[in-house]
């Protein structure tokens, strides 16, 4: 399965739950998450192809963001999308 299939499903599920998704382009911050989901607050999301993990530079940037209280997720499956929706909607 391609990353774009997970990404498309993510976008549809967030919108179906009443949220919105934005693609984020970070200037000068390599490794930052590529999506912002606005659903019961802001959530930064890195989309990956199934079975892929965040690369080392991405994991470092995600940890920096988490230290400042931001929520950062790495999602690589349709089940991961469903778990994200369940977590953020309660």
For the range 54-75, the count of residues that are surrounded by fewer than 15 Cβ atoms within 10 Å (Cβ to Cβ) and part of a strand (DSSP E or B) equals 0
(1) touching a helix residue (DSSP H, G or I) at 6+ places or on another chain (Cβ under 9 Å); (2) part of a helix (DSSP H, G or I) all hold for residue 79 apart from (1)
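Just a yes or no: is a residue in the range 8-17 in a loop (DSSP other than H, G, I, E, B) and in contact (Cβ under 8 Å) with a residue 60 or more places away in the chain? Break it down stepwise before answering.
Initially, the range 8-17 is screened for residues in a loop (DSSP other than H, G, I, E, B), giving 17.
Of the ones still in play, those that are also in contact (Cβ under 8 Å) with a residue 60 or more places away in the chain are 17.
Yes, the range 8-17 has at least one match.
Answer yes or no: is there a residue in the range 32-41 that is exposed (fewer than 11 other Cβ atoms within 10 Å of the Cβ), within 23 Å of residue 58 (Cα to Cα) and touching a helix residue (DSSP H, G or I) at 6+ places or on another chain (Cβ under 9 Å). Steps first, answer last, please.
Here is the first cut: in the range 32-41, the ones exposed (fewer than 11 other Cβ atoms within 10 Å of the Cβ) are 41.
Going one step further and asking which of them are within 23 Å of residue 58 (Cα to Cα), we end up with 41.
With touching a helix residue (DSSP H, G or I) at 6+ places or on another chain (Cβ under 9 Å) added as a condition, the list becomes 41.
Checked against the condition, which is being exposed (fewer than 11 other Cβ atoms within 10 Å of the Cβ), within 23 Å of residue 58 (Cα to Cα) and touching a helix residue (DSSP H, G or I) at 6+ places or on another chain (Cβ under 9 Å), the range 32-41 yields at least one hit.
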Condition set assigned to a loop (DSSP other than H, G, I, E, B) and touching a residue at least 40 places away in the same chain (Cβ under 8 Å), scope the range 34-51, selection nearest to the chain's Cα centre (by Cα): answer is 48
When (1) over 16 Å from residue 70 (Cα atoms); (2) crowded, with 18+ Cβ neighbours inside 10 Å; (3) out of contact with any strand residue (DSSP E or B) (no Cβ under 6 Å at 6 or more places or on another chain) are applied to residue 4, the one that fails is (2)
State yes or no: is residue 86 surrounded by fewer than 12 Cβ atoms within 10 Å (Cβ to Cβ) and in a helix (DSSP H, G or I)? yes
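Just so you know, all these numbers are worked out from the coordinates, no wet-lab data involved. Because the structure is a prediction, the values reported are computed rather than measured. Glycine gets a Cβ as well: all are built from the backbone with ideal geometry, and neighbour counts include every protein chain shown.
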